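The values are calculated or read from the model by the stated rules, or taken from the named source; none is laboratory data. Predicted model, so just to flag it, every value in this text is computed and none were measured. Backbone-built Cβ (ideal geometry, glycine too); neighbour counts: all protein chains shown. In case anyone asks, the SASA skips ligands and DNA or RNA and just uses the protein heavy atoms, side chains included. Shrake-Rupley method; radii C 1.70, N 1.55, O 1.52, S 1.80 Å.
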Amino acid sequence: MDKNPHELAPEQLRCDCDPSSFKFSSTAEIPPLKGFVAQERPVRAIRFGLDIHSPGYNIYVSGLTGTGKTTVIRKFLEEIAVTMPTPDDWCYVYNFRDPNSPVAIHLPAGRAKNLKAEMEELVAQLKREIPKAFDSKEYEQSMGALIAENQAQQQALYNQLSEKARQEGFALEMSKMGVSLVPLLNGKPISAEQFEVLGDETKQEIEGRRSALQSDINNFLREVREVNKASREKVNELNRRVGLYVVGVRVEEIKEQYSDIPQVVSYLEDVQDHMLSHLEDFSEKNQEADTSPAAQLKLEYQPEPYLKYRVNIVVDNTETKGAPVIIETNPTFYNLFGRVERRTQLGTFFTDFTMVRAGSYARANGGYLVVTARDVLINAGVWETLKRTIRDKAVRTEDLGEQYGLVPVAAMRPSPIPVNVKVIMIGNQWIYQALYGMDEDFRKIFKVKADFDYEMQWNEESLQGYAMFISDRCHVEGLVHFDPSGVAEVVEYGARLVDDQERLSARFSDLADIVRESSYWAREEGAAAVSAGHVTRAEEEKYFRSNLIEVRVREFITRGIIMVDVAGDRIGQVNGLSVIDLGDIRFGKPSRITAKTYVGRSGVLDIEREAKMSGKIYEKGVLILGGYLSGKYAQERPLSMSASLCFEQSYEGVDGDSASSAEVYALLSSLSGVPIRQGIAVTGSVNQHGEIQPIGGVNQKIEGYFDVCKALGLTGDQGVVIPVQNSKNLMLRYDVIDAVKAGRFHIYAVRSVDDGIELLTGVPAGARVDGGYPEGTIHHLVEKRLKEFAEGLKKLDKAGEDEKSGKSDTKDS
């Protein structure tokens, strides 16, 4: 039997990688991968985005998971960051003018820690030195002199008022209630009872003199207050001089160390003024903790008196070498932009400036921040705040609850930190398109797109890149190294992942998995190196762990529950092929497609579409069938037929157009009356010109049908028809190729419907000559049948008209 011209040779069914193309005996001999494998486009984009410093040139990195996006970004940033200057530290200090707005201060890297230590030492030293200064003899003498001066001045004023009162007949008495005048009688004070027995005129005369002295008493009290005020000022000035002697010297020492940072100098001046105004905080009595029950039951938060002098470091770059690189794996609002923490005391929340915590955006200041687009978008408030932060170049520590709360509450509002951050957002193409089309701010702040491909050319560079990648995984993870045959099998696995003989997968996460699993099986066997057999075992075991559903579907077919014929001939019936995607694996499944044609005018009626079990692409494919049939057979007369198409035993819905060619073959078979070989399954879409178009999942479809045929028994007449364009996508399993070599299975590649129908029926399709098709060809038989449909329909129409005419004549008579 002559070989069919459309049949593919075994060597066309897979592209093998020659192990001899690798000039090593083990991957241990070659250096690990340090750069990037065949990703020039995104690499150039990333380099451009990192080098340009104009506003808005942040980077969106697009690509499928596992294509090495994060690895490339990390390596680029690590190389660039070490060459850049280390950014400043940032800390928050107490705002003595507005306690609810802590002040942000930046210092050169490492100096914030020094300032914090200096302030802690300052407080500790003052707690020791200030009480000593106020216990000194010099202070006691100065204070005694001020007290004596105050007492002398008050005594002089008292004596003056007392003398005047005596002249007016009163004695002056001082009490807690104030100054009182006691009448004198014969030079002696009288009691209240004695005053009451005096005559009315005498009483009135005494009261008149008392009233006259009241203004003198008021003047006395005012002068006493002025004397006390002046004394207090002198005491305060004395205390300030004593405190300044202790505080000023130490603060000046610190100011000298930070004289090049005006913000720190200004802060230290505020600290000094506040300390001198609150010297009592450093007294020994104040330093003793109050452990009384009453103090423990205080409901109001009592801050530590020395809290104001602390330094809250929120960004510490002491150990940072170059610019910071922050990869935020959980970009929640607070993780990204910081938060103000709160503590509880007896059910009450309280906070202070030392509880302010910076987020990853502030920690990335002067460097790079890497986030994932999906996480940014799903976390509440993050996307809008990120845009505002990039636009304003300042990060604000805010409470997310305030933005969504109905009632405004008093809260701490730390001053914003100016930032200069290059943001790299990693996502996929769909998120990029959605943001670009729906958010006008996105295109302004992410002006650089780095698009990672999921595949690359199969060439010498990519082969060596694969080998170096395997070497890198083996070195880093302590895996068994690969020999050339093992590397070659991984290369073929990479080609199989993308279903292409000329391209390799760039999803290195999948490749890393197969490398790890191959190493495991090599260790299980005690092999010194991973060979092709170990990689094949890893592939088989990986597939076996996930193919339970495939096995069950195949069992249903072999048991006759799902009805599929793989032998014999049937009119209007063909085996179509589809792919079921379970996420971790894909497998092919044959489906019986049937067609019925009959007299009518409704055209092609698709049962899936009528039952609303089909997708848009499938429905388009069915409409294209009508266009093909009309173009082929309705050039001289209308297409007078009705037809129904059905995916038998389809319960989960149908989509895609890869079965449209199979539906055409079923229709042509039904119309021509020529049976189709049931051992041949079909895949491929069709256009209105009758050309077969390429489809996806060709390897899974062929292997899925092969497994079914093998389970039911290979006869040597079975095979699959694919579009010729898919020939370069074949990376079939070795058992399928072995069956093809033995002539027990066949792969055919066709370009047109004519090629396919001839292969399936064994009857020539026929080409139109002089307005007709050669007798006995498929198209002649179809056209003949359509003419019969048309004539039958015409007779029915005439009979219907005669019937109507007869009824009309009867009515008239």
Roll a 1.4 angstrom probe over the protein heavy atoms and tell me the percent of accessible area of the stretch 164-253 that is carbon or sulfur.
51 percent
Do any chymotrypsin sites (Phe, Trp or Tyr not before Pro) in the stretch 609-662 lie in a loop, going by DSSP, with at most 11 other beta-carbon atoms within 10 Å of their beta carbon, and if so which?
Tyr651
Square roots of 5 times each gyration tensor eigenvalue, C-alpha, the stretch 646-780, largest first, Å
26, 17, 15
Longest to shortest principal axis, alpha-carbon extents of the chain, angstrom
162, 99, 49
Rounded to whole Hz and in sequence order, give me ³J(HN,Hα) for the stretch 329-340 from the Karplus expression 6.51 cos²θ - 1.76 cosθ + 1.60, θ = phi - 60°, writing x for Gly and Pro.
7, 9, x, 6, 4, 6, 5, 8, 10, x, 7, 10
Quick shape check on the stretch 1-81: root eigenvalues a ≥ b ≥ c of the Cα gyration tensor, a/c under 1.5 is rounded, otherwise prolate if a/b tops b/c, else oblate, and it reads oblate
Please state the shape class of the stretch 451-565: rounded when a/c is under 1.5, otherwise prolate if a/b exceeds b/c and oblate if not, all from the C-alpha gyration tensor.
oblate
Set Lys449/Lys612; Lys393/Lys449; Lys116/Lys137, cut-off 28 Å on Cα-Cα distance; pairs above it are Lys449/Lys612; Lys116/Lys137
For the stretch 490-587, listing GluC sites (Glu not before Pro) in a DSSP loop whose Cβ sees at most 14 other Cβ atoms within 10 Å gives Glu502
Measure off, as a whole percent, the carbon and sulfur share of the 1.4 Å-probe accessible area of the stretch 299-383, all protein chains present.
50 percent
Please give the per residue accessible area of the chain, computed with a probe of 1.4 Å over protein heavy atoms only, in Å².
51 Å²
Mind checking which aspartates and glutamates have their C-alpha under 14 Å from Lys447, skipping anything on the same chain fewer than 8 residues away?
Asp51, Asp439
Of all the accessible heavy-atom surface of the stretch 554-656, with the other protein chains kept in place and a 1.4 Å probe, what percent is carbon and sulfur?
52 percent
Here, trypsin sites (Lys or Arg not before Pro) of the stretch 611-705 satisfying both criteria (DSSP loop; at most 13 other Cβ within 10 Å) are Lys612
What are the ³J(HN,Hα) values, in whole Hz, obtained from phi via the Karplus relation 6.51 cos²θ - 1.76 cosθ + 1.60 with θ = phi - 60°, for each residue of the stretch 648-661 in sequence order, with x given for Gly and Pro?
5, 6, 9, 10, 9, x, 10, 8, x, 10, 6, 9, 5, 5
Built amide H within the under 5 Å cut-off of Val654, gap 5+:
Ser614, Gly615
The lysines whose Cα lies under 22 Å from the Cα of Lys784, excluding any fewer than 8 residues away in the same chain, are Lys596, Lys632, Lys794, Lys795, Lys798
DSSP beta bridges in the chain, what fraction antiparallel, as a percent rounded to 5?
60 percent
Please list the non-local residues whose amide H lies under 5 Å from the amide H of Val61, H modeled 1.01 Å from N, same-chain partners needing a gap of 5 or more.
Met425, Ile426, Gly427, Ala450
Excluding residues fewer than 8 places away in the same chain, name every one of the aspartates and glutamates whose C-alpha is closer than 17 Å to that of Lys787.
Glu636, Glu775, Asp797
Using mean Cβ contacts within 10 Å as the protection proxy, how do 73-79, 233-239 order, highest first?
73-79, 233-239
Would you pull out the residues with amide H under 5 Å of Val750's amide H, same chain only if 5 or more places away, H placed 1.01 Å from N?
Ile722, Val724
Please list the three semi-axes, largest first and in whole Å, of the ellipsoid equivalent to the stretch 596-679, using sqrt of 5 times the eigenvalues of its alpha carbon gyration tensor.
21, 15, 12
